[in-house]
Structure formats: structure tokens, C-alpha cells
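Below: one structure, written as C-alpha cells.
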Amino acid sequence: MRVFASIAICFAILSGASDIQAGQEPAASSQEGACSITGRVTIENEAAQDIAVVLQPATGSYPPPPPVAHATTDKEGRFKLTNAAPGRYHVIPLAAAYFAPSEDRVAPGKPVTLLKGENLEGVELELIPGGVITGRVTTAGGYPVIGREIYARLIDLRVLQRLPGVSHGESRFKTDDRGIYRVYGLPAGRYIVSVQSQGRGRSASTFHPGVTEESQAKPIEVLAGKVVENVEIRLPPITRDYEASGRVVDEATGQPITKIKLDWGEIGIDLKRVGSYILGHASNERGEFRLPDLKQGRYTVCVSSSSLNEYYSDQISFEIVDQDVTGLEIKARRAASLSGKVVIEGSTDPAVQSDLSHISVAAGKVGEMGSDTQTGADGRFRLPGLPPGKVWIWVSSNIQRQRLAVLRIERDGVPQPEGIEVAAGEQVAGLRLIVAYGNGIVSGQAQVVGGTLPEGARLSVSAVRSDIQNRQEFAQAFSVDARGRFLLEKLATGVYEITLTVYVPSPPGATMPLRRLASVKQTVSVTSGAESQVTLVLDVSAANVKGEKR
């Protein structure tokens with residue numbers, strides 16, 4: 001996925017702020033026990049007046065829900081957010097040319113956990129002047145390229161800042177009538193700048209200073225509050241478009257397969273696929289297909305693995321040099337399928353059961369793109385297009401009140417903890433996906449004893465039910481706020497392992513920005529509809545850490 005500075009959430013928040021400024025009030029909680037937050041926003045240690053501050057639910061979902069409260073700072077930089085329900089949030093100041101340092105990897109601003117009726121005071125928010133990259137985009141002949149979207153991707157893994165970005169793939173930075181662009185609000189770091197051109201059926205990126213391979217792009221070093229000028233991008237010369245054509249046939253019978261969807265993608269000079277597969281092409285009534293508007297390069301095409309086809313195929317590679325490519329033949333094989341029913345454990349509430357039609361079920365091999373489908377109102381599903389071998393199943397929901405986890409997958413009443421083995425063309429029926437549902441809460445306190453944490457350390461907490469089949473899939477981590485507070489919601493009845501982990505910045509040159517320093521675990525029983533409490537004590541001076549339940 002192409003991302004401007006790695007985050008789309010902040011753009012959605014900014015869009016919500018535009019609605020606020022237009023007079024559309026965000027939904028507020030009127031329930032008993034509503035909370036409030038007061039604090040101050042500064043820029044370079046001076047009060048920041050007329051800055052919008054929003055309270056964003058920390059759901060981790062995209063698109064994020066709208067802010068539940070907003071305020072504008074006064075002449076002393078102070079603000080007050082009111083009438084918020086208890087829960088996990090991010091307090092975010094919004095100013096386009098500035099950035100708010102992230103205190104976790106989910107969103108900019110400061111994470112806070114609010115308990116029922118709490119009035120949190122003294123929240124300090126800092127805005128830092130962002131760096132700027134500016135330059136000009138021209139054609140190969142030197143003419144300005146107008147209205148083209150500009151992308152700046154942060155490549156410094158040690159910078160954990162969440163930044164203004166794109167929404168649904170659209171950048172908010174474009175070239176003007178002179179071909180000049182200006183990307184602002186950037187934290188210090190190294191960036192790759194690119195412009196994307198869209199043709200009929202394909203898109204391509206050109207990177208500064210004028211190369212089409214990202215590996216050859218020249219990184220730009222940005223300092224907070226400083227402007228980097230003359231970051232020019234010259235598009236390559238316009239070349240002739242070519243096309244590739246062929247047909248899709250049934251490998252067993254040799255007969256053409258009609259109206260079957262295909263995936264295709266470009267392969268880079270390092271023989272690795274560039275970007276995602278492009279969908280939408282399909283064979284005609286005679287099994288023939290065309291891939292138009294191709295530039296010189298290497299490509300691969302296959303039967304789509306994510307379009308609910310009844311066939312699958314191997315990838316067919318080809319190269320465009322100086323003429324069209326014809327005669328490609330994709331030999332497709334009858335695919336396996338999985339069908340069954342999703343069963344929600346933990347509630348007989350009709351409102352909860354009605355959410356079955358909002359559940360997606362997906363299946364595929366590890367590391368590969370698989371097929372997915374929506375369940376019916378009764379929870380039934382069917383997933384075709386699967387190659388032989390071991391496949392895994394996972395579920396998701398677009399209902400924000402649900403946090404689903406596959407407890408177990410049963411085939412003929414037998415649990416399948418290691419995935420499902422399917423033979424070529426096998427039609428597996430009668431699967432049962434038992435998923436957990438609940439609204440239990442674990443509220444907790446993290447305590448650090450035996451010393452202080454290193455600079456830049458971050459605490460996160462996760463909960464996973466002990467009988468979850470795929471534990472890693474459900475062990476979603478959430479931030480601990482500055483007071484050591486955390487809140488885990490939407491938990492089904494069961495016994496959970498709560499893990500508190502401290503992460504510290506990795507040394508220069510590391511492949512990951514953070515490394516785990518230590519962790520502590522505690523087991524706690526959760527009842528749906530009730531609240532459990534736990535205290536986790538992390539002793540930084542001891543080899544073994546301990547947890548205390550309360």
C-alpha cells in the first residue's frame with residue numbers, strides 16, 4: 001500500500017475537524033459518568049492559541065470513528081474536552097504545518113485512558129514546526145506537470161511518528177500550475193518523494209530525481225522546521241504502450257474458461273513484484289483476455305485468488321520489449337472450496353446475532369492473498385478459489401462494538417488447530433467457525449519499580465484468551481497512558497493472559513524501530529458485562545518480573 005508518511009488515520013481526523021469547523025458537532029456522550037480532559041498546547045514552549053484539539057477513540061480501526069469531543073485553545077493555550085464516555089482515546093492537537101509527537105504507534109498525540117466520571121487535568125500537548133519538502137515536477141521536455149499528487153514516504157524506521165497522510169489513496173499535496181509542490185508538517189527523518197501517473201488500467205511512480213525504480217530514488221533528509229528546496233522530479237519520456245493477450249483454458253479439458261477474473265502485476269529489475277496486483281480484467285466469452293496500456297518491463301498474470309473464482313492457476317510471466325505479447329495461455333485448475341457457518345459464542349441477543357451478516361470470512365495460505373466473502377444473515381459462507389494444501393481461516397467485522405476471535409474451527413466436529421488441509425478440487429462443507437463475543441472489560445494499572453525506564457521506552461498491554469486457537473491473531477496490543485492506565489474492552493467470558501511489554505528504540509541500522517526490553521504477564525478471569533481489575537508490576541532491576549492481581 002502506498003502511504004504518504006505512513007498513516008491515513010490523521011487525515012481522517014483532519015477531515016473530521018473540517019466538519020467541526022463547519023458547525024457539525026461530533027456525537028457526545030450524555031450517559032452518567034461522563035468524563036472531561038483539560039490541558040494546554042504549546043509551540044516551542046509558548047502558548048498556542050486557536051488550535052483545534054480533538055478526542056479520538058483509540059479503536060485501531062480504519063476508517064477511524066469521528067472525534068467524540070473537540071475544543072479550541074484560548075490565548076493561554078488551554079483547552080477543555082467534555083462529556084466523553086469512559087474508554088481509551090488519543091488527545092490530538094491539529095495544525096496543518098505542525099506535528100504532534102506520537103506517544104504510541106497508533107495515532108499522533110497523547111494516549112489517555114478515562115475511567116467512569118473522571119476529570120483528567122494537566123494534559124500537556126506539544127506541537128513541533130514541521131519540515132518542508134518543495135520542488136517542481138516536469139515532463140521529460142521540461143514542461144510543468146499540473147495537479148499531480150505528491151507522496152513523501154518516511155523511510156527512517158527509528159522515527160515512530162504518525163503523520164498527516166492520505167485518505168483512500170489520495171494525497172492532500174499536489175502540484176500547482178507551475179508544477180511546483182510543497183509538502184509540509186513533516187517530522188525530522190529521511191524521505192523518498194514520488195509522483196504517481198495514472199494510465200488506462202495501470203499506474204506508475206516516478207521518484208526524485210527522475211527514476212522509476214524506488215531502489216534508485218535519492219533520499220531527502222528533513223529537519224523539523226526547515227525547508228528542503230529544489231527536490232525536482234522529471235518524468236521519463238512518454239513511450240509507446242503495448243499489450244499482452246492470450247486465453248484461459250481448463251487444464252484438464254483444454255476448453256476455454258469464460259468471464260474469469262485475472263490478477264496481473266509488474267516485476268521490478270530485482271525480479272520482485274512491484275506493488276499490488278491489479279484486478280478487474282477478465283476473459284471474454286471465448287476465454288480470451290487482453291492487458292492493455294503496458295510499458296516495457298516484466299509482468300506476471302494469473303487467475304485471481306481474491307475474486308471467488310472456481311479455478312486457480314500458477315503465475316505466467318512475460319516481458320514487454322519492443323512489441324505486443326500474444327499467445328499467452330493460462331492453464332487453470334478446478335479449485336477447492338470451504339463452506340460452513342460462523343457461530344457466535346457468548347450471546348443469544350438478537351441484536352448480536354444480527355451482526356452475522358457483517359462478518360467477513362477469509363481463507364488462504366500463509367503470506368498469500370486469499371479469497372474472502374461476507375457471511376449471510378444466518379452466518380453461512382462459502383469460499384471458492386483455493387489451491388491444494390494447508391489453508392488458514394480468519395474472520396473480521398465492520399461492527400465496532402465487536403472484537404471477534406476464532407476460538408476454534410471444527411471439521412466434522414473435530415477441531416482444526418493447525419489449519420485445514422484441502423486436496424485439489426475438494427469441496428469441504430460443514431465447517432463450524434466458533435467465534436467469541438463479549439463486552440467484558442479489564443481495567444488496569446502498570447507500575448514500574450526498581451529503577452526508571454530508558455529514554456524513549458513505551459509500554460503496551462495485550463489480552464488473549466487462553467483457549468484462542470490462533471493466539472497471535474488475537475493478541476492486539478494497546479498503549480498504556482502516561483499514568484500507567486490501560487483499558488481492554490469487548491472481551492468475552494473466559495480466562496485471559498494479560499501481558500505488559502516495554503519497548504525501547506532499536507540501535508541504528510536495525511530492521512525494526514523498536515525492540516522488546518522486558519514483559520510481565522498476569523492471568524485474570526473476565527465475565528462479559530462486568531469489569532475486572534489488574535495491576536501489573538514491572539521490576540526493571542530484576543531478571544524476573546511479577547504481576548499482582550487485585
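Things worth noting here:
- Condition broken by Gly451, with the remaining ones in (1) open to solvent by 50 Å² or more (accessible area, probe 1.4 Å); (2) not in a strand (DSSP E or B) satisfied: (1)
- Only one entry in Ser462, Ser396 is modelled with pLDDT under 90, among the hydroxyl-bearing types (Ser, Thr, Tyr), farther than 29 Å from Ser304 by Cβ and not in a loop (DSSP other than H, G, I, E, B), namely Ser462.
- Number of positions in region 54-94 that are modelled with pLDDT of 90 or more, of a type in the set (Ser, Thr, Tyr) and over 16 Å from Glu489 (Cα atoms): 3
- Residues being crowded, with 22+ Cβ neighbours inside 10 Å and either more than 21 Å from the chain's Cα centre (by Cα) or among the hydrophobic types (A, V, I, L, M, F, W, C) (or both) - total across region 84-96: 5
- Yes/no for Val68 being at negative phi and surrounded by 23 or more Cβ atoms within 10 Å (Cβ to Cβ): no
- In region 421-431 there is at least one residue matching the filter, namely being of a type in the set (Asp, Glu), at pLDDT 90 or above, assigned to a strand (DSSP E or B) and open to solvent by 40 Å² or more (accessible area, probe 1.4 Å).
- Subset tally (residues that are open to solvent by 40 Å² or more (accessible area, probe 1.4 Å), closer than 26 Å to Gly109 by Cα, aliphatic (A, V, I, L, M) and in a strand (DSSP E or B)) for region 478-537: 1
- Residue within region 97-105 that is crowded, with 21+ Cβ neighbours inside 10 Å, assigned to a loop (DSSP other than H, G, I, E, B) and modelled with pLDDT under 75 present: yes
- Considering residues of region 313-337 that are in a loop (DSSP other than H, G, I, E, B), open to solvent by 80 Å² or more (accessible area, probe 1.4 Å) and among the acidic types (Asp, Glu) only, the residue farthest from Ile238 (Cα to Cα): Asp314
- Residues in region 116-141 that are part of a strand (DSSP E or B) and open to solvent by 50 Å² or more (accessible area, probe 1.4 Å) were compared, and the one that is modelled with the highest pLDDT is Arg136.
- Among the residues of region 286-312, those identified as assigned to a loop (DSSP other than H, G, I, E, B) and either acidic (Asp, Glu) or open to solvent by less than 20 Å² (accessible area, probe 1.4 Å) (or both) are Gly287, Ser304, Asn309, Glu310.
- Hits in region 164-182 - residues which are modelled with pLDDT of 95 or more, touching a Phe, Trp or Tyr at 6+ places or on another chain (Cβ under 9 Å) and not hydroxyl-bearing (Ser, Thr, Tyr): Gly179, Arg182
- The set of residues from region 69-93 being under 14 Å from Val123 (Cα atoms) and among the hydroxyl-bearing types (Ser, Thr, Tyr) comprises Thr73, Thr82, Tyr89.
- Cβ-Cβ distances below 8 Å connect the following pairs, each with a first residue in region 235-246 that is closer than 18 Å to Arg148 by Cβ and in contact (Cβ under 8 Å) with a residue 40 or more places away in the chain, a second residue that is open to solvent by 60 Å² or more (accessible area, probe 1.4 Å) and part of a loop (DSSP other than H, G, I, E, B), and a separation of six or more residues or different chains: Pro236/Thr212.
- The number of residues in region 106-115 that are assigned to a loop (DSSP other than H, G, I, E, B) and touching a residue at least 60 places away in the same chain (Cβ under 8 Å) comes to 4.
- Among the residues of region 454-469, at least one is among the polar types (S, T, N, Q) and either surrounded by 21 or more Cβ atoms within 10 Å (Cβ to Cβ) or under 30 Å from Ile92 (Cα atoms) (or both).
- Residue within region 262-279 that is in a loop (DSSP other than H, G, I, E, B) and either at pLDDT 90 or above or surrounded by 20 or more Cβ atoms within 10 Å (Cβ to Cβ) (or both) present: no
- Region 37-59, residues that are open to solvent by 50 Å² or more (accessible area, probe 1.4 Å) and out of contact with any Pro (no Cβ under 8 Å at 6 or more places or on another chain): Arg40, Asn45, Glu46, Gln49, Asp50
The values are calculated or read from the model by the stated rules, or taken from the named source; none is laboratory data. The model shown is predicted, which means the values in this text are computed figures rather than measured ones. Note that we place each Cβ from the backbone using ideal geometry, even for glycine, and neighbour counts take in every protein chain shown. Note: accessible area is taken over every heavy atom of the protein model, side chains too, but ligands, DNA and RNA are not part of it. Shrake-Rupley method; radii C 1.70, N 1.55, O 1.52, S 1.80 Å.
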